[in-house]
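The values are calculated or read from the model by the stated rules, or taken from the named source; none is laboratory data. Note that the coordinates shown come from a computational prediction; the quantities given were computed from them, not determined experimentally. Using ideal geometry, Cβ is built from the backbone for each residue, glycine included, and neighbour counts are taken over all protein chains shown. Keep in mind that these areas ignore ligands, DNA and RNA; they rest on the heavy atoms of the full protein, side chains included. Shrake-Rupley method; radii C 1.70, N 1.55, O 1.52, S 1.80 Å.
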Amino acid sequence: CRFTRAITRRPAATIARGLRAIDLGDPDLTLFERQHAAYRAALEAAGVAVTLLPPLEAFPDSVFIEDAALCFPGLAVALKPGAPSRRGESAALLPDLEAAFGRVVGLPETASIDGGDILTTDREVLVGLSARTDAAGIEALAAALAPFGYRVRRAETPAGVLHLKSDCATLGDDAVLATPRLAAAGCFAGYRVVETAGGEEAAANAIRVNDRVLLAAGFPRTAERLDKAGYALTVLDLSEAAKLDGGLSCLSLRF
Ligand code: CIR
């Protein structure tokens, strides 16, 4: 599908309090802002009109806006972020979703589900169970999407990996980019899989935006594989987001 719009959120001045699995040092706000601007410019160059929302200082991780909502052309679902410090991001985003979509589908309070665990492909919505996304979250999403004709399938996010999409990306046309560890789990039967190169697992959090694939810098062998497979690449330095386990997909809602 072709995307026409994206919603992003400016990083908060409180960004250094963001969650991370391993402490590689705090992100630098000024550099983060510069990298975020380059990311927005790359989305625009791919043909998408980008909305930039103001920072939310009460939510250090709110720049990773993908975790708070799931968007399709004409349909938005307010999600239930699984980390306690991020739970309120969804309600904070609601007015902006309502402005963009008119109506927003909600999920029950008993559900936990992060957008980072949701991979939308042309044929289905694949959702990974993770430390942030539980079975109740996946069931609630499946029930919410059924009336709109979207099929939800459950997968397992690899152990120790934050989100399903930390390890995969949709490339369109029944193709995915995936780490060997996720591909080996068998959830991509029927898809063409481009595997990330050894030691380049973090390259898997890429995004296909219309005719381009946006990829993080520092993964030359995976870039070469994608290039050989015929994808037009835009490579972006996202060092500051990476310090908080964030990548390309987390920084926008695309629809
Ligand atoms: C978190 O741990 O929630 C943030 N520091 C990173 C979220 C990354 N989001 C994503 O992959 N969708």
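Of note:
- Yes/no for residue 190 being out of contact with any strand residue (DSSP E or B) (no Cβ under 6 Å at 6 or more places or on another chain) and within 16 Å of the ligand (Cβ to nearest atom): no
- Residue in region 36-53 that is open to solvent by 80 Å² or more (accessible area, probe 1.4 Å), of a type in the set (Asp, Glu) and free of Cβ contacts under 8 Å to residues at least 24 places away in the same chain present: yes
- The strands (runs of 3 or more DSSP E) falling completely within region 27-84 that include 1 or more residues that are within 14 Å of the ligand (Cβ to nearest atom) map to 69-72.
- Residue among 111, 131 that is more than 15 Å from residue 250 (Cα to Cα), within 13 Å of the ligand (Cβ to nearest atom) and buried (at least 17 other Cβ atoms within 10 Å of the Cβ): 131
- Test: residue in region 167-177 that is out of contact with any helix residue (DSSP H, G or I) (no Cβ under 8 Å at 6 or more places or on another chain), of a type in the set (S, T, N, Q), more than 16 Å from the ligand (Cβ to nearest atom) and modelled with pLDDT of 95 or more: no
- The combined condition, being within 25 Å of residue 234 (Cβ to Cβ), crowded, with 22+ Cβ neighbours inside 10 Å and not hydrophobic (A, V, I, L, M, F, W, C), is not fulfilled by residue 28.
- Just one of the numbered conditions (1) within 12 Å of the ligand (Cβ to nearest atom); (2) under 17 Å from residue 128 (Cβ atoms); (3) buried (at least 21 other Cβ atoms within 10 Å of the Cβ) is not true of residue 241: (2).
- Residues (assigned to a loop (DSSP other than H, G, I, E, B) and in contact (Cβ under 8 Å) with a residue 60 or more places away in the chain) located in region 94-131: 121, 122
- Matching entry among 46, 41, 83 (being over 29 Å from residue 160 (Cα atoms) and in contact with an Asp or Glu (Cβ under 9 Å, 6 or more places away or on another chain)): 46
- Matching residues in region 166-220 - criterion: being acidic (Asp, Glu) and either open to solvent by less than 40 Å² (accessible area, probe 1.4 Å) or free of Cβ contacts under 8 Å to residues at least 12 places away in the same chain (or both): 167, 200
- For first residues located in region 3-28 and in contact (Cβ under 8 Å) with a residue 12 or more places away in the chain and over 20 Å from residue 86 (Cα atoms), partners that are part of a strand (DSSP E or B) and within 13 Å of the ligand (Cβ to nearest atom) and lie 6+ apart or on another chain with Cβ distances below 6 Å form the pairs 3/254; 6/254.
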